[in-house]
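The values are calculated or read from the model by the stated rules, or taken from the named source; none is laboratory data. Note that the structure is predicted; figures quoted are calculated from it, not measured. Because the Cβ atoms are built from the backbone with ideal geometry, glycine has one as well, and the counts that use them run over all protein chains shown. The area values use the complete protein model at the heavy-atom level, side chains included, leaving out ligands, DNA and RNA. Shrake-Rupley method; radii C 1.70, N 1.55, O 1.52, S 1.80 Å.
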Amino acid sequence: MCPADVHPEEARPAGEDEPSPVEVRARGLVVTDGPLSRPVPVALRYGPDVAPGCVRFVLPGGSWTFPRALLERGLRAPAHDGDVDVWPCGRVQTVVEFHSPEGTAVVVQFDSSALRGFLRRTYATTATPVTH
């Protein structure tokens, strides 16, 4: 489980190696029910300020922290964990749906290559190979 707000000193036991911070700026496309979608900047984060094994997506309207493995699974097939759903959309796009207690908060479509590049960088900081 990835808590929404973790302070760096609480994220890992003392003395445990911390991964180098990774922050990637990506452009997503907010998907709406209407005919128009709009681009949105998203910061993808991984590192000591995020819970172990988790990633944080920061959008202009809020942030969501969820397991890195969910993002990886969702690039290949629909995946769900907590308040986040991830699924492939065609061959080159991935959709990430973020929920709030009131329902769906925002649906963002990304180029899958940007998300894969982010995952590669996170695994490079922990010396764990990407499995896809």
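Being open to solvent by less than 40 Å² (accessible area, probe 1.4 Å) and assigned to a strand (DSSP E or B) is the filter here, so list the residues in segment 101-113 that pass it. Residues satisfying the conditions are Gly103, Val106, Val107, Val108, Phe110.
When the criteria are applied in full, Val55 meets the requirement of being under 13 Å from Thr122 (Cα atoms) and either touching a Phe, Trp or Tyr at 6+ places or on another chain (Cβ under 7 Å) or assigned to a strand (DSSP E or B) (or both).
Among the residues making up segment 28-52, those that are in contact (Cβ under 8 Å) with a residue 24 or more places away in the chain and in a strand (DSSP E or B) are Gly28, Leu29, Val30, Val40, Val42, Leu44, Arg45, Tyr46. Scanning segment 79-100 for residues being part of a strand (DSSP E or B), more than 10 Å from the chain's Cα centre (by Cα) and of a type in the set (Val, Ile, Thr) gives a total of 2.
Any residue in segment 114-129 that is more than 19 Å from Cys2 (Cβ to Cβ) and touching a helix residue (DSSP H, G or I) at 6+ places or on another chain (Cβ under 8 Å)? Taking every residue of segment 114-129 in turn, at least one turns out to be more than 19 Å from Cys2 (Cβ to Cβ) and touching a helix residue (DSSP H, G or I) at 6+ places or on another chain (Cβ under 8 Å). For segment 67-78, the criterion of a residue being open to solvent by less than 50 Å² (accessible area, probe 1.4 Å), in a strand (DSSP E or B) and under 19 Å from Pro21 (Cα atoms) is satisfied by at least one position.
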